[in-house]
Each structure stands twice: as structure tokens, then as C-alpha cells.
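Written below as C-alpha cells is the structure these notes are about.
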Amino acid sequence: MRALIFGLAALAACAGAPASNAADPGPTPVCAACVKANMERLAGDELRGRKCGSADEAAAADFIIAQLRAAKVAGAFAGGGYIQSVPLLTPTYAAPPVLEISAGGAPTRLVNGQDMVLTDPPPALEAPMLRVKDPRAAGAAAVGKLVVYDSGEYDAGGIAMLAAAGAIGVVSPANPRILAAWDQIAARPPGPTEVGGAPPPSPVRTTMVVLVKPDVMEALRALDGGVARLDARRGPDLLRTTHNVMGVIQGGDADADRHAVLLSAHYDHLGVRGGVIYHGADDDASGTAAVLEFARILGSGARPNRTVYFGLFGCEEEGELGAEYFRTHAPMALSDLSANLEFEMIGVVDPNRPGVLMMTGWERSNLGPALKAHGAQVGPDPYPKEDFFRRSDNYQLAQKGVVAQTVSAWPLTPTYHSPTDDLAHVDMAFMDEVIGSLVGPVAWLVNSDFQPAWNPGMQP
């Protein structure tokens, strides 16, 4: 109750914030009470982690719309609407999959979620077994077989090597990280969610991976050859709806719509797992709060030269599904978007780079250096092996030619995708500093004639 009372008071303070001019030399002060109120609502218990396609995610979308309206930001969709509904179809299992291995004597029976967890399984499979210790030596012997990779520990490179050699599936020991996320992996659907109305993805060859617990791997080592039979029959598709929310401030230039800027974040998270709320305060209530604060600041000032869109995407956590739909159902021609800045996980300081933000794909375009030249405390991504450029909504638009990149503080926090990603583990003062440090550079971008561009050969 106390958090709700504070939230209402803070929102009232937002409504009474003084107007400002986005073109003024001095940046508009960040409304810390507004940012905190938005964070408390988005990452509070009431929204239960904003799971993709849930009523809680829909309630978060309604809250975001209310904040855009309060900021005097118009709806960007047809008829002035703020919301875009995205239909989702997710495959399901008819029953927990079972892998039965016969190699003389009583068959060994593995059940998904108990003895094993599966990725990319076909509905059914029957194949001879092969046990190997060295994936490089498997060669043609792996073709069409379910290979037990007796590696001693999880080896992603070796699994990939066996898949490339033609194995129909690979059995591997699970490492401690996989064991810690066992229930989450077991709960994954048997295949990707289909986004209704989006072009079907190109067929991709996948190889089933069977991850097993240590005692199961020990039992499999004792088997010599044999035949594996998988029963992973599908049930009816799960039908859900997610929503993209988008507001717009029309620019003042005659060609404002032809050089627009999109400021975006995703507002979904992981929901409730095992009775525990995964609040997603840093990931990505923090980015959503930043976009809402930019909307408040720009909406209370003079009209920018460029048209500015404020986009909050649903279902990023399940594969950028809202953004995937948006890129073929956008309210503007994507060629008219000069740039997309996505804000992701800006609530925790990177201890290795305090006070400095990172931009994914920094080397790919001229956007990051230009923002830095105009005061942004931002630099290259120090974690290139994580491939963060492809791991947020920006990538969906980058694939369509938009200069789209993500700004983040520390994407490798210990709280990532855990129940501890809550308000208690977000540094609100740091968040205010991050947003404040970007007000000037963003104001410059939306009022300049600068043209973001991919560097030669760097467009995805």
C-alpha cells in the first residue's frame, strides 16, 4: 500500500513538472520522482514480472499508454492509437517427452524435466546410438545417429561439431549453469513461437540436444550401441497476444517524418516461476522508464525538428517477438527511420567501467561516435563475445536497414534473469544520471541534420 501511495504522489509531481524547451542549451532536469514511480509500478509485485502474452504484460502496456498520454505524446498507430496487438502461436507438448534407449536388457527411460531436458526435438525419432569421446574423430559414423558425447563436461563446441557431422541428436552432460536453470529449460516449448502476420522464417536445420544429469550420463556410459526412440508428440498450439505500445511527437521540419528517430525498450520480463516473481527491474523496466522519461521531457518542450517515436515492445524475452511483428507492420516506412536507440538494462553500474555506458555494435555505424561527440558518456561494447548487438529488439530493425543499436550500462549483472532483479538491486540515482547524461545528446540528435549511417560492410 505504501508504494502505491508514493507512486500516485510521484505521478502527480510529474504532471506538475515545469515545461521546458528541448532546443535550449541546458538539458531538461530528469524528474527523479517520475522515474522512480514508473519503476515501482513496472517492477512492482502487482505486475508479476510482466510475462510475455500475459494479463500482467497487458496491464503494463495500459500503464505505459497512460504515461505517454500524460506526457502529451500522441498515439503513433492508425487513428491515433497507442497499441498494436500481436498474435502468437506457441507449440506445446502433448505430454512430457520420453526418450527410451534399448541396448540389451531393460530399456533406459528418460523423461523431460526429470532425467533430461531437450532442445529442438522432433515429434518422434528412432535412431541408432553412438558413443564418442572425441567429436573430431566421429566423422561419417555420426551421420543419422543419436550421439552420446562422453565429454566429461558440457562442451558447446563439440556438440556443434557433431551436429555439423550429421548427428541427428547429441546427448551431453549438463553443466552447473544448466542444472541451475533446469526447470526453466524443461518448460521451454518444443519449437519457436510463430508471430501471426509476420513472414514465415526461413527453414533452419536444427539438431536435437539432450542434456542429462550426472547420474544419467554415468548410466549411458555403460551402454554399448543400441537404439533410441523419442516420443515428443505435440499438443495444440498455445494462443496468446502481446502488445507493442508506441507514441509519437511530430517534428517541425517540412520533411520531419522522413528523418525520424525511434527511442525504444522492451517492457516484458519472465513473469512468475515456481511461485516466485521475476520482477525484471533492470531488465528492462529500467529501459522502459528511460523511454517514458524522454517522452516526458520532449513532450513538455518545443517541438523537435525530427519526428520522434517512443516504442515499447512486448515479448522480447521470448525472441524479440513484438519487434519482429513491428518491422512488417510499422506505422511508418522503416526507410524513414534515421535511427533507433534501444535502452536495455541501465539500472546497475558496471564495476569495470563506472559511469560509462556501452553501445552494442559500436563499430558498425557512425551513431555512437556522434552521440559521444555531443556529450554522451558512451563507448564500445566491452563484451563482444556475448553478441549483445543481436540480442535485443534493435536487431529486428537493423536487419531491415535501420541504424538500430542498444545502449546499456552492465548487461552481465549477477541479477540477470533471476528473482533478485528487483527494485532493491537497482541504483535509482545511477539511472537518473544515465538518463540525464543522454538528454543533451538525444536532444541534439532529434534537432540536427546528422544522418546516421552504417559503416562500409557493417550493415547486418
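The values are calculated or read from the model by the stated rules, or taken from the named source; none is laboratory data. Keep in mind that this is a model prediction, so the values were computed, not measured. A quick note on method: Cβ atoms are made from the backbone with ideal geometry, for glycine too, and the neighbour counts reach across all protein chains shown.
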Exactly one condition in (1) at pLDDT below 95; (2) touching a Phe, Trp or Tyr at 6+ places or on another chain (Cβ under 7 Å) is false for residue 349; which is it?
(1)
All positions within the range 352-369 that are at pLDDT 95 or above and either in contact with a helix residue (DSSP H, G or I) (Cβ under 8 Å, 6 or more places away or on another chain) or not small (Gly, Ala, Ser) (or both):
357, 358, 359, 360, 361, 362, 363, 364, 366, 367, 368, 369
What helices (runs of 4 or more DSSP H), lying completely within the range 135-254, carry at least 1 residues that are without any contact (Cβ under 8 Å) to a residue 60 or more places away in the chain?
156-164, 176-180, 214-221
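Go over the candidates 157, 152, 197 one by one and state the one that is closer than 24 Å to residue 51 by Cβ and surrounded by fewer than 21 Cβ atoms within 10 Å (Cβ to Cβ).
197
Results for (1) buried (at least 24 other Cβ atoms within 10 Å of the Cβ); (2) in a helix (DSSP H, G or I), shown as yes or no for each residue.
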site: 289; (1), (2): yes, yes
site: 293; (1), (2): yes, yes
site: 310; (1), (2): yes, no
site: 315; (1), (2): yes, no
site: 319; (1), (2): no, no
site: 322; (1), (2): yes, yes
site: 325; (1), (2): yes, yes
Do you know which of the residues in the range 327-352 that are within 20 Å of residue 284 (Cβ to Cβ) and assigned to a loop (DSSP other than H, G, I, E, B) is nearest to the chain's Cα centre (by Cα)?
344
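Can you confirm whether residue 367 is touching a strand residue (DSSP E or B) at 6+ places or on another chain (Cβ under 7 Å) and closer than 21 Å to residue 326 by Cβ?
Yes; evaluated as a whole, the condition is true for this residue.
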Of the criteria (1) under 29 Å from the mean Cα position of the chain (by Cα); (2) part of a strand (DSSP E or B); (3) surrounded by fewer than 17 Cβ atoms within 10 Å (Cβ to Cβ); (4) of a type in the set (A, V, I, L, M), which one residue 88 fails
(3)
For residues in the range 109-126 being without any contact (Cβ under 8 Å) to a residue 40 or more places away in the chain and not in a loop (DSSP other than H, G, I, E, B), which is farthest from the chain's Cα centre (by Cα)?
109
Given the conditions (1) among the β-branched types (Val, Ile, Thr); (2) in contact with a Leu (Cβ under 6 Å, 6 or more places away or on another chain); (3) buried (at least 16 other Cβ atoms within 10 Å of the Cβ), and given that residue 108 satisfies all but one, which numbered condition is not satisfied?
(2)
